[in-house]
């Protein structure tokens, strides 16, 4: 039977659509099959073949297969496929190669199978295209951290201040503390209320945003009350880096246990915290029950000291020193501290040995009062349109105007309304928040003592 | 050497013992065989052996129902493939999306096809509904098939809405949060309904599992059943609607009144009036090939369009769902944005009265407007009132949806889509 003429046209359409489907399937297959990472893997195979010298190496290079490679780190809930393209991260012979084939140094302490990549570098570990993996795309919260800021990631597991491998991070924290950022911003529950909390700021903001925000706050947050900061270039970088390290949430399990780096600074911290000074003395200060420790680093080996901290009886039978239960890392930190004591006399600031004025200075620092009242309370921070010469007043002469009780009450209550120079202009943006309930009562006494002490000696005139 | 053509090889295979055991009849050669091919094949028998010429006019039905059906098939096939990788857990759902995109062969393509087919199905089911309305095809004897169709329309929305949550990204999470909040505006049962849908008060693991079960089993099973019923009734109600005058030459035969005390053959039990096959051969043509070819052509066309969309446009996937970080504005899926826009004026109107009335009137429509006038013609003059009212409602819905989609910015404030949105500043 012949095809009816009215149906002939269908055969043409079937052919056209069939061919269209065929070509679309081929196109879809092409897009799917020729993925970006395969290019990089082939390049690596070629390089391996080129470098092969022995027949065995040739054979190995021939046997390489195209495959997605991934590092699974269940504890960190991460699957990092970075090594799909960065194939030579663990091969030192690829040192100095251009990306993506470069070798990654420093893997002795942070082996990739235990850490993966994105826990430090950020980015999108599951992705297998460079744009998506590096994460600078819409709808991905964690773009890769620029290498200049990579020390920020050390803060994820380690304490910021005492990591010898991350000096910029430590400096950043120092700048943060000294500049009084906490006067307005809360971090880890300590700080003022004028600005936003900073606990997760490093996960929300880009390095560019953070740097701009220090120099010209109003340019990124219109109407910001924050006084512009005058940081040196390295300090700006360091404090930006420190903020980037604040991503909130601690590292889990094993990674958290690495918080303490056995450094002298951590040892000093422990030394103060555990009250060693009650029995031992340093620089003539402290108890007399145990031996003085000024030159213990000359008398004892490091191993002896570590063993001593873990269990005093084990090296000094009959010792009256209790077993404090220091971890191995803590014992090493204390040892480090005591060894360093012999080289250079670290200045010890032990709260128990300090007078109220010194403690007060620490509290002034801890709560970031300098952020508004200036370093050493000397003032000079701009507060546009305030009656006090458009500056936040310095505190050098509070002893002349307040009794201790009055000053304390003033800090507890704060002052919401700051008198304006020109009532028609925007009211002064900075004000004194109520610190009652934030600064503890005992701390308040020390702080007031410090502030009263600020008045320069021999200047009794004035009022 | 003279090789036989592929077609010839295929014919030989069909004539072989194996071929005959599979196909019963070969590629039909005569009119008889063509009719037999339709009747004896399980796949084809749901369609009549002969089809009215009017039903074949592309300009009449526009193939909208058929396109919806094809999309349903394609969704079924691609959805099954996606199920091999998808894990309905809040911890792994989003990761399985990423794996589909970055690791699974053709994973992204399949997901794109599924996503675009889902949107297209909602669109084409709506268009199909409009076509049936504008041609008055819901009137006697097709009243109940219209009701089934409305149910299928709601099921399509339900399927799309439940699937919307599964990627577990910000888009999914907040669209479902907004969508279920709209449902909670219903009086008395609203809050309970939301609670039952989500398995709690907020979108979480329980909601994800519920939506998953609904999406992959419950709703598709109900939809498949209702689609079968819908198609069955299209046939039993006399095929696609057509103007009554076209049927006049056909001799309508009253089925014989059955005397009692007699055993009957199945054919004798047919009731009502039936168009007599052969009474007017000019108006009816054999379904094979006239109907089948057209259907196949349309299927190919749907596949081409879907592949094209899926290859060149990726399905959206935003950041992982984050319950403490709502986007501003959070928007429902596009087919509910008209309702969301209404809710922004009045929760009672947008959440209760309008959707309630819409569904109620749609379901009852053939019983409210049952006079069989203007059936089988687009925009029949006799139906000018009904068509006008429907058009006004339709345009209102479209305008509301357009406003909700493009003209609403942060805090649901008016925005002009062609103007760049002011730099996004986070609230602390």
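No lab work stands behind these numbers, since they all come straight from the coordinates. No experiment lies behind these values; they were computed from the predicted model shown. With ideal geometry, Cβ positions are generated from the backbone for all residues, glycine too; neighbour counts draw on all protein chains shown.
Quick rundown of the values:
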| item | result |
| --- | --- |
| 10 Å Cβ neighbours from other chains, averaged over peptide B:300-308 | 4 |
| For the range A:65-186, alpha-carbon Rg over 2.2 N^0.38 Å | 1.20 |
| Scattering curve values for the range A:260-352, log₁₀ I(q)/I(0), Debye with Cα scatterers, q = 0.23 Å⁻¹ | -1.35 |
| Stretch gain in nm, segment residue A:8-residue A:107, where the contour uses 0.36 nm per residue and the Cα spacing is subtracted | 28.6 nm |
| Cα pair distances of the range B:82-158 binned at 5 Å [whole percent] | 3, 14, 17, 14, 12, 10, 9, 8, 7, 4, 1 |
| Projected-area mean, chain A, by convex hull of Cα positions, square nanometres | 41.2 |
| Sites residue A:426 and residue A:188, calculated FRET efficiency, Cβ-Cβ separation with R0 41 Å, nearest 0.05 | 0.80 |
| Kirkwood-type radius of the range A:148-251, with distances r between different C-alpha atoms, in Å | 13.6 |
| The range A:260-352, relative contact order [Cα under 8 Å, separation at least 6], % | 39 |
| Residue A:295-residue A:68 FRET efficiency (beta carbon distance; Förster radius 45 Å; 0.05 resolution) | 0.15 |
| Protection-proxy order for peptides A:298-309, A:263-274, each taking the mean of Cβ atoms within 10 Å per residue, highest first | A:263-274, A:298-309 |
| For the range B:35-78: Kirkwood Rh in Å [reciprocal of mean 1/r, alpha carbons] | 12.2 |
| Estimated translational D of the range A:248-307 in µm²/s (Stokes, Kirkwood radius over Cα pairs; 25 °C; 0.890 mPa s) | 180 |
| Sum of -39500 (n - 2.57) over DSSP H runs of 4+, divided by residues of chain B (222 nm, nearest 500) | -18000 deg cm²/dmol |
| Spatial separation of Cα centroids for the range A:53-125 and the range A:290-321, in angstrom | 44 |
| Spatial separation of Cα centroids for the range B:296-346 and the range A:185-200, in angstrom | 39 |
| Packing rank of B:154-163, B:389-398, A:46-55, B:29-38, where each peptide gets the mean count of other beta carbons within 10 Å, highest leading | B:154-163, B:29-38, B:389-398, A:46-55 |
| Theoretical gain in end-to-end length, residue B:328 to residue B:83 [0.36 nm per residue, Cα-Cα removed] | 85.0 nm |
| Simple spin-label estimate for residue A:15 and residue B:402 in nanometres, 7 Å along Cα-Cβ | 4.3 |
| 27 Å tail of the calculated P(r), the range B:120-240, as % of Cα pairs | 30 |
| Angle between chain A longest axis and helix A:5-33 axis [Cα atoms, degrees, rounded to 10] | 40 |
| Relative contact order of chain A, pairs being alpha-carbon contacts under 8 Å that are 6 or more residues apart, as % | 11 |
| Rg to Rh quotient for the protein assembly as shown, alpha carbon positions, Kirkwood Rh | 1.12 |
| Förster radius 25 Å - calculated FRET efficiency between residue B:384 and residue B:363 (Cβ-Cβ, nearest 0.05) | 0.60 |
| Against the rule of thumb 2.2 N^0.38 Å, how large the Cα Rg of the range B:182-232 comes out | 1.43 |
| Projected label distance in nm at residue A:52 and residue B:29, using a 7 Å step from Cα toward the beta-carbon | 6.2 |
| Zone of residue A:139's modelled label, taken as backbone nitrogen in the range B:152-183 under 20 Å from a point 7 Å along Cα→Cβ | B:160-179 |
| For B:100-107, mean number of other protein chain Cβ atoms within 10 Å | 5 |
| Among beta bridges that DSSP assigns inside the protein assembly as shown, antiparallel share in %, nearest 5 | 95 |
| For chain A, calculated [θ]222 nm from helices alone, where every DSSP H run of n ≥ 4 adds -39500 (n - 2.57) | -12000 deg cm²/dmol |
| Dimensionless Rg ratio for the range B:1-106, taking C-alpha atoms and the 2.2 N^0.38 Å reference | 1.69 |
| Relative contact order [Cα under 8 Å, 6+ residues apart], chain B, whole percent | 23 |
| Gap separating the Cα centres of the range B:37-69 and the range B:197-213, nearest whole Å | 40 |
| Spacing of the two label points (7 Å from each Cα toward its C-beta) at residue B:17 and residue A:440, in nm | 9.6 |
| Nearest 10 degrees, 0 to 90: helix A:356-366 Cα axis against chain A principal axis | 20 |
| GNM top mover of B:20, B:92, B:131 - chain B, alpha-carbon springs below 10 Å | B:20 |
| Between helix B:31-40 and chain B: long-axis angle, C-alpha atoms, 0 to 90°, nearest 10 | 50 |
| Cα-based Rg / Dmax (Å) for chain B | 25.4, 86 |
| Enclosed volume per residue, in Å³, of the convex hull spanned by Cα atoms of the range A:380-463 | 106 |
